[in-house]
Every structure is written in structure tokens, then in C-alpha cells.
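Read the structure below first, then the notes.
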Amino acid sequence: MFTSAELKKGMLIELEKAPYLIVDVSHQTPSARGGNMLVKVKLRNMLNKQTLEKTFRAGDKVDEPNFETNPGQFLYREGESLVFMDLSTYEQFNLSEEIIGDGVYFLKDGLDIRIQIYNGEAIGIEFPISIELEVTQTEPALKGATASAQTKPATLETGIQIQVPPYIEIGEIVKVDTRTHTFISRGGKA
């Protein structure tokens, strides 16, 4: 259990039987003498991804959720369902594409991820910050092209389309930021 004064950005708390991630925290000291300090927090529900703002008074108690992250791996697709394995228990479980969201474009067999577990049940996954994917379709490389502000669209092996520098060719491996869906650097040949 935490007090409201201990709340920090990035912490997990439990409200109304759901885990919430603290996205932002601000402390407000009232101008009146003897007034209680207020702690305003912006929260994201880890189950449905909705955000809300809540204000706590100094000394309010907040529960710590039964939440953990375990190492895991993406195994394969099974229709609309995605099959993962918890590498700490070797148990397999399914999550829907809806839960994963646009992260499905980064899933390839054998990808190492972190599994979010709440009350013993998998509720989501965390992707690595960057992954390497092969370019499967793009315009031919331009002669004399440099890494200037110009870019071109490229389709990667998982179906995601990103902007890449003009010198990138089909068959090359590129590193992609999973948070922003942007090109980071060139890898090698597949």
C-alpha cells in the first residue's frame, strides 16, 4: 500500500479492482493555512487503455496491484488470436489482436517480449524498444542518395509500412522504433 505522497510517474496502482499506470503526477499546495496538499495524477487503465485524472489528498492510501511482468515470446498466429509463451513458466496463452493493438505489426515468430500479468492472468505485452525487420517492398534505391530529409515508403516483413531513407533496398534489415513506428538505422542483408 502506498500513500499519495509516494506516487511517482511510472508506478502502478490499483483503483476499482483494475491496475492503473501513473502517466503524470503533480503536487498542489493550497494557499490557505492548514489546507491539505493535493496530489493530481493522470492514470491509464492497463486493462482497457483508457485514461483518467484523479486527485488524492495528502495521506490517502492507494493499493498496490497484484501485477508483474515476465519474460515471454511470441509463438504464432491462430486466426484472430495470437499465441505467446511465458518463458518463466513455459505456459502458453492467447491474446486477441485487439488487446495488442497496432503492435501486431511488430510480431514475428520468436520475438522476445515482456508479458503483463494481473492477478495471475496475462492482460498484455510490452515490446522491446526496437526490433529489426526485413524490407519486403520499396522503390529502387536512388543513385547518389544520402541520408537527407527525403524519405520513401517501405513495407516490412510483418506488413507494417514506414518511411525509410532513399538508399534502403529490398532485402535489407532495418531497425524500427516500436513506440513511434519510425526508422532508426540500417541493419544488414537478410
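Laboratory data are not the source of any read-out in this text; all were calculated from the coordinates shown. Note that the coordinates shown come from a computational prediction; the quantities given were computed from them, not determined experimentally. When we count neighbours, we look across all protein chains shown, and the Cβ atoms used for this are built from the backbone with ideal geometry, even at glycine.
Points worth noting:
- Amide H contacts for Lys152 (H built 1.01 Å from N in the peptide plane; partners 5 or more residues away or on another chain; cut-off under 5 Å): Val164.
- For the stretch 39-91, GluC sites (Glu not before Pro) meeting the loop criterion (DSSP other than H, G, I, E, B) and having at most 14 other Cβ atoms within 10 Å: Glu80.
- Simple Cβ-charge dipole of the chain, Lys/Arg +1 and Asp/Glu -1, about Cα centre, in debye nearest 20: 1020 debye
- Counting beta carbons within 10 Å around each of Arg186, Arg179 and listing the fewest first gives the order Arg179, Arg186.
- Helix-only CD estimate at 222 nm, as mean residue ellipticity for the chain, using -39500 (n - 2.57) per DSSP H run (n ≥ 4): -500 deg cm²/dmol
- Those trypsin sites (Lys or Arg not before Pro) in the stretch 1-86 that DSSP places in a loop and that have at most 13 other beta carbons within 10 Å: Lys8, Lys9, Lys17, Arg33, Lys49
- Here the label points at Lys61 and Gln163, each 7 Å from Cα along the C-beta direction, are separated by 5.2 nm in the simple model.
- Modelled label positions at Lys8 and Glu126, each set 7 Å beyond Cα in the direction of Cβ, lie 1.5 nm from each other.
- Given charges at Cβ of Lys, Arg, Asp, Glu: the stretch 1-121 dipole, positive-most of Leu87, Tyr105, Met1: Met1
- Looking at the stretch 77-139, the chymotrypsin sites (Phe, Trp or Tyr not before Pro) that sit in a DSSP loop and have at most 13 other Cβ atoms within 10 Å of their own Cβ are Tyr90.
- Given their separation in residues at 0.36 nm each and the Cα-Cα distance between them, Leu52 and Thr151 gain 31.9 nm when the chain is fully extended.
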